[in-house]
Amino acid sequence: MIIQFISDYLSYLEIERGLSENTIAAYKNDIFLFFEYFGKINTIEEIKRTHLSDYIKHLGKTGLNTSSIIRKIASIKSFFRYLCAVKKLRTNPALDISIPKLSKKLPKIISMDEIEKLLKTRMNTRELAVFELLYATGLRVSELVELEIKNIDLKNNTLKTIGKGSKERVIPIGENAKKALDAYFKEREFALKLSSSKNKSQDKVFLNNFGEKITRQWVYTFIKELGSGIHKSISPHTIRHTFATHLLENGADLRVVQELLGHANIVTTQLYTHVSKKHLKDVYFAING
């Protein structure tokens, strides 16, 4: 019966809330680990508040970082909230369970000078197009990997992407990114013609040497190696943070940045205003001592 409840909940996340496969997989893993920890539990009514408290103590002893613990607790709370909403439970055992507070760390960014240095790094046309597009649009790595040819409009310098919660947004493409894409598309067509792979992906923008869709891991590895040129550990998300921060530093409206990033809550976007102020302060003291 518990397995059926979990299955119904995962279907709800997919159909009703439109969450991505990766997010649903994370929920599934968190919930299954919770029940595995307690062993033999036959009915959902057996779960009490003490089970939740014991499990949180257990998580604290596993060495997991705070953000991972918060996510696991949030997954479990969401599951029990769903069970109450669909009348499978009368009382919610996770209702009063508190989630540890996460200290807000300012995201790492790259300076304009460092961006210029990265652009002088030797890259092939695909790598340059990936970097330029990440910096020009602030796309998440999953959005970049799934980006389709039909959603690129180089005449109007825009692209369309589907973000978290299946929310669609249209993002402008800068001239540098457009030029990089133009150069890449010429090689892309040639590579597709030569490819004999059965997994060729005609619809995706970015393809590997076999004409197949690039992977998230490839993007992470490429950006990490790129960062070694400026002696920094960076990721695709670093480029996304940098995109947002540089927009704000150059006078962009906070609501516009929220829309471009696809943030559901403007509070998330406001974090970049703190990054922007810190960066300006660092620059000031570097100049004035």
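The values are calculated or read from the model by the stated rules, or taken from the named source; none is laboratory data. Bear in mind the structure is a predicted one, so any value in this text is a computation, not a measurement. Reconstructed Cβ throughout: ideal geometry from the backbone, glycine too, with neighbour counts over all protein chains shown. Quick note on the areas: whole protein, heavy atoms, side chains included, nothing else; ligands and nucleic acids left out. Shrake-Rupley method; radii C 1.70, N 1.55, O 1.52, S 1.80 Å.
Here are the numbers:
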{"read-out": "Cα coordinate range in the range 146-274, projected on the principal axes (Å, largest first)", "value": "49, 36, 29"}
{"read-out": "Karplus 3J(HN,Hα) series, Hz, for the range 146-160 with 6.51 cos²θ - 1.76 cosθ + 1.60 (x for Gly, Pro)", "value": "8, 4, 10, 3, 5, 9, 9, 10, 6, 5, 9, 6, 9, 9, 10"}
{"read-out": "Projected label distance in nm at Asp8 and Asn124, using a 7 Å step from Cα toward the beta-carbon", "value": "5.1"}
{"read-out": "In sequence order, calculated HN-Hα J values of the range 34-50 (Karplus, 6.51, -1.76, 1.60; Hz; x Gly/Pro)", "value": "4, 6, 5, 4, 8, x, 7, 10, 8, 10, 5, 5, 5, 6, 10, 4, 4"}
{"read-out": "Pairwise label distance in nanometres, Lys232 with Arg71, each label 7 Å out on the Cα-Cβ vector", "value": "2.4"}
{"read-out": "Order of exposure, largest accessible area first, which applies to Thr137, Thr62 with probe 1.4 Å", "value": "Thr62, Thr137"}
{"read-out": "Accessible surface ranking that places the most exposed of Ser7, Ser166, Ser235 first, with a 1.4 angstrom probe", "value": "Ser166, Ser7, Ser235"}
{"read-out": "Residue pairs, from the table Lys72/Lys167; Lys117/Lys224; Lys155/Lys193; Lys108/Lys232; Lys108/Lys178; Lys120/Lys179, whose Cα atoms sit over 20 Å apart", "value": "Lys72/Lys167; Lys155/Lys193; Lys108/Lys178"}
{"read-out": "Heavy-atom accessible area per residue - the range 176-246, 1.4 Å, Å²", "value": "55"}
{"read-out": "Using alpha-carbon coordinates, inclination of helix 236-249 to the longest axis of the chain, degrees", "value": "70"}
{"read-out": "Rg [Å, one decimal], Dmax [Å, integer] - the range 212-268, C-alpha atoms", "value": "13.9, 39"}
{"read-out": "Local electrostatic count at Leu10 - Lys and Arg +1, Asp and Glu -1, tallied over other residues with Cβ under 12 Å", "value": "-3"}
{"read-out": "Whole-number percent relative contact order across the chain, with pairs defined as alpha carbons under 8 Å at least 6 apart", "value": "17"}
{"read-out": "Portion, in percent, of the accessible area of the chain that falls on carbon or sulfur, probe 1.4 Å", "value": "52"}
{"read-out": "Per residue, the convex hull volume that the Cα atoms of the range 111-222 enclose (Å³)", "value": "114"}
{"read-out": "Largest to smallest accessible area among Glu249, Glu187 [probe 1.4 Å]", "value": "Glu187, Glu249"}
{"read-out": "Trypsin sites (Lys or Arg not before Pro) lying in DSSP loop within the range 68-163, provided at most 11 other Cβ fall within 10 Å", "value": "Lys87, Arg90, Lys101, Lys104, Lys105, Lys120, Arg122, Lys155"}
{"read-out": "Solvent accessible area, Å² - Leu128, 1.4 Å probe, full protein context", "value": "60"}
{"read-out": "Accessible-area value, Lys57, 1.4 Å probe, nucleic acids and ligands omitted, Å²", "value": "130"}
